[in-house]
Amino acid sequence: MFNCFFVTDLPTETSMTADPANTTVLRESNLVLNCSTDANPDAHVYHYYLNGDLIGNSSSGVFNTTVMADGVYTCVPINTVGTGDNATVSITVVSELHLTCF
């Protein structure tokens, strides 16, 4: 007789990168957030928050958004075991500069 074990784990070691990698971005520019985690089974949904408010979900870990304000973006991975560790990226928004020459 054999005893078999299937180990399941919450998502851990979550990390998130932003594209562009610079954390100062132009208002209304596109921002791509890429969240990854170690989990068994794999994370099936990633929740994305801006300053604590839910802004969207992704099943792949990739999330596209238009940057409108400064803030902390947070990724929270979830698998069938539960909610895992989160990861954050802080973004500073700047407005386009207009120069006037005389």
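Okay, residues lined up against (1) in a loop (DSSP other than H, G, I, E, B); (2) under 9 Å from the mean Cα position of the chain (by Cα); (3) modelled with pLDDT of 95 or more:
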{"residue": "Val32", "(1), (2), (3)": "no, yes, yes"}
{"residue": "Cys35", "(1), (2), (3)": "no, yes, yes"}
{"residue": "Asp38", "(1), (2), (3)": "no, no, no"}
{"residue": "Met68", "(1), (2), (3)": "yes, no, no"}
{"residue": "Tyr73", "(1), (2), (3)": "no, yes, yes"}
{"residue": "Val81", "(1), (2), (3)": "yes, no, no"}
{"residue": "Asp85", "(1), (2), (3)": "yes, no, no"}
{"residue": "Thr88", "(1), (2), (3)": "no, yes, yes"}
{"residue": "Glu96", "(1), (2), (3)": "yes, no, no"}
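Among the residues making up the stretch 6-22, a single one is part of a strand (DSSP E or B), over 11 Å from the mean Cα position of the chain (by Cα) and either among the β-branched types (Val, Ile, Thr) or at pLDDT 95 or above (or both): Thr12. Does Gly61 satisfy being touching a Phe, Trp or Tyr at 6+ places or on another chain (Cβ under 8 Å), open to solvent by less than 80 Å² (accessible area, probe 1.4 Å) and without any contact (Cβ under 8 Å) to a residue 12 or more places away in the chain? When the stated conditions are applied, Gly61 does not pass them.
The lone criterion from (1) in a loop (DSSP other than H, G, I, E, B); (2) surrounded by 11 or more Cβ atoms within 10 Å (Cβ to Cβ); (3) modelled with pLDDT under 90; (4) not acidic (Asp, Glu) left unmet by Asn3 is number (2).
Look at Ala43 and say whether it is open to solvent by less than 60 Å² (accessible area, probe 1.4 Å), over 19 Å from Ser95 (Cβ atoms) and not acidic (Asp, Glu).
yes
Against the list (1) open to solvent by 40 Å² or more (accessible area, probe 1.4 Å); (2) more than 12 Å from the chain's Cα centre (by Cα), the condition Val25 fails is (1).
The values are calculated or read from the model by the stated rules, or taken from the named source; none is laboratory data. Predicted, not measured: the structure shown is a model, and the values here were computed from it. Quick reminder, even Gly has a Cβ in these numbers, built from the backbone with ideal geometry, and neighbours come from all protein chains shown. Please note that ligands, DNA and RNA were not included when accessible areas were found on the heavy atoms of the full protein model with its side chains. Shrake-Rupley method; radii C 1.70, N 1.55, O 1.52, S 1.80 Å.
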